[in-house]
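Right, one structure below, let's go through it.
The values are calculated or read from the model by the stated rules, or taken from the named source; none is laboratory data. The model shown is predicted, which means the values in this text are computed figures rather than measured ones. Glycine gets a Cβ as well: all are built from the backbone with ideal geometry, and neighbour counts include every protein chain shown. Protein only, heavy atoms only, side chains kept; ligands, DNA and RNA dropped before computing areas. Shrake-Rupley method; radii C 1.70, N 1.55, O 1.52, S 1.80 Å.
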Amino acid sequence: MTVLYDYWRSSASYRVRIALAHLGMGWQSVPVSLLDGSQRDSDNLARNPQGLVPSLAIDGLMLTQSLAIIEYLNDTRGGGLLPDSPVARARVRALSYAVAMEIHPVCNLSVSKYAVEASGGAITTEGWMQHFISRGLTGLETMLETQETGRFCQGDGLTMADCCLVPQVYNARRWGVDMTALPRITAIDAALSDLPAVQMAHPDRWNAA
């Protein structure tokens with residue numbers, strides 16, 4: 001049994017859910033609430049010493065870090081999450097990292113909460129999110145302005161980059177980011193939203209889990 005320890009609104013968990021659904025894999029979801037601090041409980045720390053989600057129990061292993069998990073799934077199950085070409089693979093990684101390593105860390109709720117508290121309220125959570133998400137997505141929009149971009153981030157097949165893009169756009173809309181200057185990202189997200197795998201992974205489907 002493949003078990004995903006996740007939180008319904010976690011971007012990192014959302015990425016892995018898309019990948020699992022894309023591969024047609026069944027999995028059991030075990031929620032780890034980020035609101036009540038369950039990620040820091042001893043059980044979760046035993047799975048994930050960083051006190052984060054997601055963790056994936058698969059093949060007798062306990063995997064952490066969403067992109068490492070997705071790469072493992074690609075390497076063991078295929079599905080085109082990473083292209084075979086080294087050049088295309090590097091591009092998909094760059095697009096993925098632009099979200100997962102540049103936008104996401106600074107927009108983590110624990111980071112924004114610290115900024116708000118340290119500023120004495122001069123910084124708001126909404127303002128923080130809008131600033132850094134907008135800046136990050138503007139750069140990503142330019143990265144996507146190449147002939148390698150197709151219906152999705154890399155051609156017309158779902159890749160790890162798309163697994164990262166969808167949750168980030170979800171968060172952008174959640175925080176009221178103006179998407180009008182991001183037509184390519186908006187179009188790719190709209191195309192991805194038609195995929196059953198993306199629909200299956202949507203947070204609304206897992207809120208009650």
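Numbers below:
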item: Counted residues, the range 179-209 - those being small (Gly, Ala, Ser) and not in a helix (DSSP H, G or I); result: 4
item: From the options Ser66, Ser33, residue that is at pLDDT 95 or above, touching a Phe, Trp or Tyr at 6+ places or on another chain (Cβ under 9 Å) and among the hydroxyl-bearing types (Ser, Thr, Tyr); result: Ser66
item: Qualifying positions in the range 25-50 - touching a residue at least 24 places away in the same chain (Cβ under 8 Å) and more than 23 Å from Lys113 (Cβ to Cβ); result: Met25, Gly26, Trp27, Gln28, Ser29, Val30, Arg47
item: Residue among Val116, Val111, Val106, Val169 that is without any contact (Cβ under 8 Å) to a residue 40 or more places away in the chain and in contact with an Asp or Glu (Cβ under 8 Å, 6 or more places away or on another chain); result: Val169
item: Residue tally, condition outside any helix (DSSP H, G or I) and under 19 Å from Ala100 (Cα atoms), over the range 150-178; result: 7
item: Test set (1) without any contact (Cβ under 8 Å) to a residue 40 or more places away in the chain; (2) in contact with a strand residue (DSSP E or B) (Cβ under 8 Å, 6 or more places away or on another chain) - Arg184 fails condition number; result: (1)
item: Answer residue from the range 1-24, given it is more than 18 Å from Gln65 (Cβ to Cβ) and out of contact with any helix residue (DSSP H, G or I) (no Cβ under 7 Å at 6 or more places or on another chain) and is surrounded by the fewest Cβ atoms within 10 Å (Cβ to Cβ) among those; result: Met1
item: Answer from Gly139, Gly150, Gly120 - the residue that is over 27 Å from Ala201 (Cα atoms) and either touching a Leu at 6+ places or on another chain (Cβ under 6 Å) or modelled with pLDDT of 95 or more (or both); result: Gly120
item: Residue satisfying condition, being within 14 Å of the chain's Cα centre (by Cα) and either closer than 18 Å to Ile18 by Cβ or open to solvent by 70 Å² or more (accessible area, probe 1.4 Å) (or both), within set Ala172, Ala181; result: Ala172
item: Count - residues of the range 51-63 that are surrounded by 13 or more Cβ atoms within 10 Å (Cβ to Cβ) and either more than 30 Å from Gly155 (Cα to Cα) or free of Cβ contacts under 8 Å to residues at least 40 places away in the same chain (or both); result: 5
item: Options Ser112, Ser193: the member that is small (Gly, Ala, Ser), open to solvent by less than 50 Å² (accessible area, probe 1.4 Å) and in contact with a helix residue (DSSP H, G or I) (Cβ under 9 Å, 6 or more places away or on another chain); result: Ser112
item: Residues that are over 20 Å from Ala172 (Cα atoms) and either open to solvent by 50 Å² or more (accessible area, probe 1.4 Å) or part of a helix (DSSP H, G or I) (or both), drawn from the range 115-131; result: Glu117, Ala118, Gly120, Ala122
item: Residue that is modelled with the lowest pLDDT, among those in the range 189-207 that are within 16 Å of Tyr14 (Cβ to Cβ) and hydrophobic (A, V, I, L, M, F, W, C); result: Trp206
item: Pick from the range 64-78, criterion over 14 Å from the mean Cα position of the chain (by Cα) and closer than 22 Å to Gln168 by Cα, ranking: most open to solvent (accessible area, probe 1.4 Å); result: Tyr72
